[in-house]
1. Over 17 Å, how big is the tail of the calculated P(r) for the range 137-185, in percent of all Cα pairs?
2. Compute from the Cα atoms of the chain the Rg and the Dmax, the latter being the longest Cα-Cα distance, and quote both in angstrom.
3. With a 10 Å cut-off between alpha carbons and a GNM built on the chain, which of 194, 18, 170 moves the most?
4. Given the chain, what percent of its DSSP beta bridges are antiparallel, to the nearest 5?
5. Ignoring ligands, DNA and RNA, please state the percent of accessible area on the chain from carbon and sulfur, probe 1.4 Å.
6. Note the count of lysine pairs whose C-alpha atoms are less than 18 angstrom apart in the range 10-219, limited to pairs 8 or more residues apart or on different chains.
7. Over the chain, with a Gaussian network built from C-alpha contacts below 10 Å, which listed residue (46, 209, 201) shows the highest mean-square fluctuation?
8. How many Å² of accessible area per residue for the chain, probe 1.4 Å?
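The values are calculated or read from the model by the stated rules, or taken from the named source; none is laboratory data. For clarity, every value in this text was computed on a predicted model and none was experimentally measured. Glycine also receives a Cβ, built like all others from the backbone with ideal geometry; neighbour counts cover every protein chain displayed. Only protein heavy atoms, including side chains, enter the accessible area calculation; ligands, DNA and RNA are left aside. Shrake-Rupley method; radii C 1.70, N 1.55, O 1.52, S 1.80 Å.
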Amino acid sequence: MSNRSLNLDDRLYAYLQNVSLREPAVLAALRAETAALPMAVMQISPEQGQFMALLLKLTGARRCLEIGTFTGYSALVCALALPADGRLVALDISEEWTAIARRYWAEAGVADRIDLRLGVAGQTLRQLIAEGLGGSFDFIFIDADKAGYDDYLEQGHKLLRAGGLMVLDNVLWSGKVADPSVHDTDTDALRALNQKLHIDPRFDLSMLPVGDGLTLARKRA
Ligand code: CA
């Protein structure tokens, strides 16, 4: 018995997946295609996707925003979890990766729920605010360039409604955030972000050792 999060060895991780995953075939196919790409590690795990789908349903989210879409796995998770009139605005910079995403969103029949916007995320977020979408999102998932997280947090806070949930991926960064000998742009950015959120009175907070570390931050009124 342990009262702290377990280290999952391969056998226990496989067990967890075997007894809990309910991954739809279209998501499994997208994951398999993405796994063959050199940047495959950027894709979230299927159990993390299933957890996020549950969060979306628990919170009754209808308006979602994703910063960092890659080949579209988390966006598809989100679109499948939303009600039929739900909408996801998905931000990415890569035409090549999101072309794969679009193919699977169409195959799953949810392409009409996803508004993909290609460009520099910081600019697109300001554009969304300029469009009058401040305070309108129920759920925001941040999973993009780590040096940009602080700006995405700040713009995301403007776009999130009070009571809405922000989810930030990779906050434990393979453990590097806890290693004082590591100083690179991404690690330092994540470290600073974690420290900022720890005392940020604008959010209720929980950091989970799910995947590469997942922070849940609920916007207070
Ligand atoms: Ca990630």
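1. Working: 496 of 1176 pairs.
Across the range 137-185, Cα pairs with separations above 17 Å total 42 percent.
2. Rg then Dmax for the chain, in Å: 16.8, 52.
3. Maximum fluctuation in the GNM of the chain, among the listed residues, is at 18.
4. Once the DSSP bridges in the chain are tallied, antiparallel ones form about 35 percent.
5. Working: 6190 of 11170 Å².
About 55 percent, which is the carbon plus sulfur part of the accessible surface.
6. Working: 57/219; 146/176; 146/196; 158/196; 158/219; 176/196; 196/219.
So the count of such lysine pairs works out to 7.
7. 201
8. On the way: 11170 Å² over 221 residues.
Per-residue accessible area for the chain comes out at 51 Å².
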